[in-house]
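What follows is a short report on a single structure.
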Amino acid sequence: MSKAMELFRSEEMQLMQLMLPAESAHNTVAALGEVGLLQFKDLNPDKSAFQRTFANQVKRCDEMARKLRFFTEQVEKMGLLTGSRLGSERTVDLDELEGQLEELERELLETNGNAERLARSYNELVELQLVLERAGSFFDETRGRASAAAFESRPAAPDGVSEIGAPLLAEAAAPAEPKSARLGFVAGLVPEDKLNPFERLLFRATRGNMFLKSTSVGAVVDPGTGERVEKAVFVVFFAGERARSKILKICEAFGANRYPFPEEPTRQRQMNAEVTARLRELQTTIEAGERHRENVLQSIASSLEGWAIQVKREKAVYHTLNKFSVDVTRKVLVAEAWCPVSGKARVQSALRAVAQATAATVGTVFQPLVTYEQPPTYFATNKITGCFQEIVDAYGVAKYREVNPAVLTIVTFPFLFAVMFGDVGHGTLMLLFALYMVLSEHSLLRQQLNEIFEMCFAGRYCILLMSIFSIYTGLIYNECFSVPMAIFGRGHWACPGKPDAVERIQMHFQPDLCPEAFNQGLAQERGPYPFGVDPTWHGSRTELQFLNSLKMKMSIILGVIQMNAGIVNSLLNQLSFRDSLSTWCEFVPQMIFLNFLFGYLCLLMVIKWVSGSTADLYHIMIYMFLQPGEGGLTCDGGCMENRMFPGQGTIQVLLVLIALISVPFMLLPKPLILKERHEKRAQQLEAYGRVLPTDADDEESNALHIAAPHGGHDDEEFDFSEVMVHQMIHTIEFVLGAVSNTASYLRLWALSLAHSQLSAVFYDRVLMTGIKYNWIALVVAFSVFALATLGVLMVMETLSAFLHALRLHWVEYMNKFYSGSGYKFAPFSFAMIDKDEL
Amino acid sequence: MASGFWGVCGFFLALEVVLTLGVLFTGRKGNNGLRHTLCTTAVFCCWLMWIIVYMAQLNPLVRPQLQNG
């Protein structure tokens with residue numbers, strides 16, 4: 001039993017105890033992480049994360065991870081490539097790395113701060129320069145007009161206010177208020193889109209006592225936010241100190257940056273020159289800073305990945321160490337871990353290597369523990385079996401050492417999919433897609449794929465098998481994009497009485513050649529078509545009648561066989577868990593019930609096919625219950641065509657009787673026997689005193705105890721009503737399930753019908769219609785056909801056939817034997833940790 | 001008729017033999033149980049589907065009728 005097929009049962013596990021000397025504990029755990037075969041149990045579940053022994057180290061690792069995330073962000077912002085991992089370079093120890101990271105972070109933050117400050121003042125200067133230029137040009141141009149106007153209006157305004165703003169307000173304010181206070185002005189930049197509301201608000205706030213002049217300057221980097229914004233230079237003129245404070249507040253609210261603006265043109269020019277000089281200076285400083293920053297980031301980028309892996313691993317090591325219980329003397333750490341028996345040797349050699357390397361005086365103790373706990377479930381899958389195991393695990397993880405449904409699923413899943421998806425053409429398209437993924441697997445593995453493609457890629461071998469089976473079932477259905485192929489010769493049907501007249505096209509165009517072909521139909525002249533469905537059926541009036549009957553019967557036969565396989569799996573479980581009670585009280589009656597009713601139905605189908613009987617199977621099955629015996633086989637008119645073989649009536653009575661008797665047999669004996677066993681044990685315990693099985697019990701049969709829930713040792717409370725109810729549910733589920741699950745397999749027929757009808761519609765109605773007209777219609781028709789084939793058949797139909805195959809496995813097949821109550825083996829493994837996010 | 005039936009059956013049998021030998025000679029040393037199971041199941045599924053379709057056409061109760069028009 002121990003040498004069972006791989007994957008058929010989960011790996012044998014053992015709970016191991018490790019005693020690690022404190023000084024080499026860290027290195028030992030790191031070495032075990034490389035091996036990746038131990039799942040450590042948390043021995044301090046009651047302690048919070050802060051109370052644990054190595055909480056401080058975990059915190060340090062978290063801090064380092066934060067720094068690394070910051071570096072990654074910075075490096076990505078720069079658009080630098082992170083260097084290839086320096087995988088095995090472990091010369092830097094954690095403290096050193098921590099110091100290094102600290103130093104680098106400080107340096108980077110400082111550089112960033114400097115760069116930000118410089119950029120800010122640079123942008124401010126740019127804006128100031130703009131203001132100087134643009135606002136200066138307002139003044140220049142108005143000054144020109146002002147002198148002209150002053151010259152003209154000298155007699156009208158004898159007081160001769162040569163105020164610089166006056167010409168601007170010449171029409172409105174200046175003449176009316178000659179004694180007004182000096183006009184003030186504010187210059188600056190405001191975002192272009194805020195300009196209108198800005199002006200409106202200024203107008204309201206000053207009751208119209210202002211004048212705003214603005215000009216757009218295009219996109220400018222805002223010094224505050226560092227983003228490029230469309231801006232406009234403005235100069236607003238106003239009168240009075242109160243207006244000024246109002247305007248300043250409004251400027252602030254609108255995010256308008258104000259700049260000092262000297263009135264005199266000479267000072268303006270001087271200032272402009274100063275600004276230009278400082279800008280040039282700043283430019284070089286910024287460039288130097290940027291180069292420095294790039295150098296720092298470049299050096300970080302090259303080792304970022306290596307550091308990230310190291311930090312992730314360190315953190316995982318300390319997390320694992322936190323699960324250990326610390327001895328009072330603090331010299332030894334005690335750990336418990338699940339280990340696959342097959343991997344024990346590797347763990348031991350890793351432990352020896354660490355002991356040698358650290359030259360520890362005492363090595364790590366690695367010894368098995370006795371436990372009644374259920375071990376984790378571990379299947380050693382590879383890239384092909386992995387995705388099928390995932391399909392099964394999505395339903396529930398197998399109980400420890402339970403029969404693994406994934407084994408048969410590897411074939412039956414793609415096969416049932418293909419029964420629904422059978423078409424050579426569509427299968428070939430799918431095969432190409434699967435081959436692309438399988439053949440370029442290495443390059444695709446290294447790429448970051450999008451989510452949907454990632455999912456397809458994970459199931460690439462499943463898709464490959466699905467496509468191969470689809471091509472096979474397509475050959476059986478004789479359909480390639482719904483067109484029949486005559487690979488195995490011409491159809492075997494010919495005109496009745498004229499065995500040579502087989503050309504259907506000829507018969508179509510010369511109806512008088514074979515008039516029988518249109519009413520009674522053709523006759524099969526040369527026995528059945530050797531492989532698959534005869535191509536003659538395609539497009540005939542009776543095609544669906546024939547195919548539906550065939551596919552329905554096929555679905556039932558496939559279903560009954562798969563369900564039988566499921567029940568046989570339950571037998572294998574019972575045998576390996578030494579549960580003969582369940583074998584007699586569950587397996588045997590279940591087999592009898594299913595096969596005496598639905599197995600018999602399958603047998604009748606085969607007899608009907610082989611003998612050519614015209615019996616009505618519905619009638620037979622229904623009257624098997626309503627009127628058992630020969631009477632049920634006669635139809636209303638007293639005909640005897642439902643009798644398919646002699647003694648059928650008697651046999652059917654027996655079948656129904658035995659099947660019905662097997663129902664209470666499933667229900668009653670098991671709980672009663674369990675009750676009796678329990679009582680007997682209770683009596684024994686009374687007689688001998690309480691001798692409980694202790695840990696000193698035989699160690700070899702340890703695995704057996706765990707695996708046998710109904711076996712020997714369940715000395716926990718026995719609740720008869722609970723067991724009875726459980727058994728009742730189980731029985732009802734099976735009996736009703738036998739009927740409903742058999743019917744459920746008809747989905748194979750339904751989906752297969754839908755698939756072939758859809759593809760026939762696309763082919764006949766779209767492509768063939770296009771061919772009748774000119775080439776443009778053909779191109780259009782072909783593209784519609786191609787799109788429909790891809791979108792509806794290749795994507796949606798694939799998905800629905802996949803889901804239905806999934807359901808048939810999860811429900812109809814697996815509920816016959818699978819408990820799925822285990823938990824997955826999650827070893828402490830660096831290979832896994834390296835893939836995690838930092 | 002019979003020749004076609006036994007021919008295809010023989011083909012499946014030969015396929016099974018070839019796959020079994022293939023697993024024996026190309027597989028790793030030791031445990032090849034899974035591979036044998038998978039090959040056998042696959043061949044059985046294919047054979048089953050073929051024989052169902054074959055039997056259904058042995059004594060067909062409906063006959064193909066051409067569509068007029």
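The values are calculated or read from the model by the stated rules, or taken from the named source; none is laboratory data. Nothing here was measured: the structure is a model prediction, and the numbers come from that model. Counting neighbours? That spans all protein chains shown, and the Cβs are built from the backbone with ideal geometry, glycine included. Accessible surface is based on the protein model in full, side chains and every heavy atom, while ligands, DNA and RNA are left aside. Shrake-Rupley method; radii C 1.70, N 1.55, O 1.52, S 1.80 Å.
For segment A:752-769, what does the Karplus curve 6.51 cos²θ - 1.76 cosθ + 1.60, with θ = phi - 60°, yield as ³J(HN,Hα) per residue in whole Hz, taken in order and with x for Gly and Pro?
5, 4, 4, 5, 5, 5, 4, 5, 5, 4, 5, 6, 6, 7, 9, 5, 5, 5
Among A:601-612, A:405-416, what's the highest-first ranking by average C-beta atoms within 10 angstrom per residue?
On the way: A:601-612: 16.8, A:405-416: 25.3.
Listed from highest to lowest mean packing, they are A:405-416, A:601-612.
Under 5 Å between amide hydrogens, which residues at least 5 positions from A:Gly188 or on another chain qualify, with H placed 1.01 Å from N in the peptide plane?
A:Phe234, A:Tyr259
Can you work out the Karplus-derived ³J(HN,Hα) for every residue in segment A:393-401? Use 6.51 cos²θ - 1.76 cosθ + 1.60 with θ = phi - 60°, whole Hz, and x for glycine or proline.
Rounded to whole hertz, the list is 5, 4, 7, x, 7, 4, 5, 4, 6.
Helix A:600-611: angle to the longest alpha-carbon principal axis of chain A, degrees 0 to 90, nearest 10?
The answer is roughly 70 degrees.
Dipole magnitude of the protein assembly as shown about its Cα centre, charges +1 at Lys/Arg Cβ and -1 at Asp/Glu Cβ only, in debye to the nearest 20? Working shown, then result.
Values: 81 positive and 95 negative charges, 216 e Å.
With only Lys, Arg, Asp and Glu charged at Cβ, the dipole is about 1040 debye.
Which value, in Å² and to the nearest 10, is the accessible area of A:Lys680 when all protein chains are kept and the probe is 1.4 Å?
Here the residue's solvent-accessible area equals roughly 120 Å².
Any chance you could give the angle, 0 to 90 degrees and rounded to 10, that helix A:241-253 forms with the longest Cα principal axis of chain A?
Long axis of A:241-253 versus the principal axis of chain A: about 20 degrees.
With each run of n ≥ 4 DSSP H residues scored as -39500 (n - 2.57), what mean residue ellipticity at 222 nm is computed for chain A after dividing by its residue count and rounding to the nearest 500 deg cm²/dmol?
Numbers: 29 runs with 462 residues, N = 838.
Value at 222 nm, helices only: -18500 deg cm²/dmol.
How much length, in nm to one decimal, is gained on full extension between A:Glu373 and A:Ala394, taken as 0.36 nm per residue of separation minus their Cα-Cα distance?
5.2 nm
Exceeding 26 Å between C-alpha atoms, which entries from my cross-link table qualify? They are A:Lys383/A:Lys551; A:Lys213/A:Lys246; A:Lys315/A:Lys824; A:Lys47/A:Lys824; A:Lys59/A:Lys331.
Going by Cα-Cα distance, A:Lys383/A:Lys551 fall outside the 26 Å limit.
Give the average, rounded to an integer, of partner chain Cβ atoms located within 10 angstrom of each Cβ in A:518-527.
Shielding by partners across A:518-527 averages 4.
In whole Hz, with x marking every Gly and Pro, tabulate ³J(HN,Hα) for segment A:364-369 from phi via Karplus 6.51 cos²θ - 1.76 cosθ + 1.60, θ = phi - 60°.
Result, rounded to whole Hz: 7, 8, 9, 9, x, 10.
Can you give me the Kirkwood hydrodynamic radius for the protein assembly as shown, using every pair of distinct Cα atoms, in Å to one decimal?
It is 36.7 Å.
For chain B, what is the calculated [θ] at 222 nm in deg cm²/dmol (nearest 500), taking -39500 (n - 2.57) for each run of four or more DSSP H residues and dividing by its residue count?
Working: 2 runs with 49 residues, N = 69.
For chain B, the value works out to -25000 deg cm²/dmol.
Mind ranking A:738-747, A:557-566 by how tightly packed they are, going by the mean number of other C-beta atoms within 10 angstrom, highest first?
On the way: A:738-747: 17.5, A:557-566: 21.0.
Listed from highest to lowest mean packing, they are A:557-566, A:738-747.
Can you give me the C-alpha center-to-center distance between segment A:205-278 and segment A:527-556, rounded to a whole angstrom?
That distance is 87 Å.
Please compute, over every Cα-Cα pair in segment B:5-58, the percentage with a separation greater than 16 angstrom.
Values: 652 of 1431 pairs.
Roughly 46 percent, rounded to a whole number.
Using Cα atoms only, what is the angle between the long axis of helix A:460-477 and the major principal axis of chain A, expressed in degrees (0 to 90) to the nearest 10?
50 degrees
Report, by chain and number, residues whose modeled amide H sits under 5 Å from the one on A:Lys824, excluding near sequence neighbours (fewer than 5 apart, same chain).
Here A:Thr377 satisfy the definition.
Given a Förster distance of 35 Å, report the FRET efficiency between A:Gln283 and A:Gln100 from their Cβ-Cβ distance, rounded to the nearest 0.05.
On the way: r = 33 Å, r/R0 = 0.93.
In this case the efficiency is close to 0.60.
Work out the mean other chain Cβ neighbour count within 10 Å for the residues of A:410-421 and drop it here as an integer.
Partner Cβ neighbours, averaged per residue: 3.
Interface B/A, total buried accessible area with a 1.4 Å probe, nearest 100 Å²?
4300 Å²
Grab the beta carbon distance between A:Thr361 and A:Glu686, set R0 = 60 Å, and tell me the FRET efficiency rounded to 0.05.
Once rounded, the FRET efficiency stands at 0.65.
Using amide H atoms built 1.01 Å from N in the peptide plane, name the residues 5+ places from A:Asn642, or on other chains, whose amide H lies under 5 Å from its own.
A:Cys635
May I ask you to list the residues of segment A:103-131 whose amide nitrogen lies under 18 Å from a point 7 Å from Cα along the Cα→beta-carbon direction of A:His292?
A:103-122
Starting with the highest mean, order A:95-101, A:208-214 by the number of other Cβ atoms within 10 Å, averaged over the residues of each peptide.
A:208-214, A:95-101
Evaluate E = 1/(1 + (r/R0)^6) for A:Leu799 and A:Glu230, where r is the Cβ-Cβ distance and R0 equals 56 Å; express this FRET efficiency to the nearest 0.05.
0.70
Please give me the summed charge of the neighbours of A:Arg267: other residues whose Cβ is under 15 Å from its Cβ, Lys and Arg +1, Asp and Glu -1.
With Lys, Arg at +1 and Asp, Glu at -1, the net is -3.
What is the distance, in nm, between label points placed 7 Å from the Cα along the Cα-to-Cβ direction at A:Asn519 and at A:Ala486?
The answer from the label model is 2.8 nm.
What's the local net charge at A:Phe828, with K and R +1, D and E -1, over the other residues with C-beta under 15 Å away?
Values: positive: A:Lys41, A:Lys312, A:Arg313, A:Lys315, A:Lys323, A:Arg346, A:Lys824, A:Lys835; negative: A:Glu34, A:Asp42, A:Glu314, A:Glu336, A:Asp834, A:Asp836.
Net charge around A:Phe828: +2.
Each label point is 7 Å from the Cα along the Cα-to-Cβ direction; what then is the distance between the points at A:Ser48 and A:Ser783, in nm?
6.6 nm
Work out the mean other chain Cβ neighbour count within 10 Å for the residues of A:553-561 and drop it here as an integer.
Counting other chains' Cβ atoms within 10 Å and averaging over A:553-561 gives 2.
Can you tell me, using C-alpha contacts under 8 Å and at least 6 residues apart, the relative contact order of chain A as a whole percent?
20 percent
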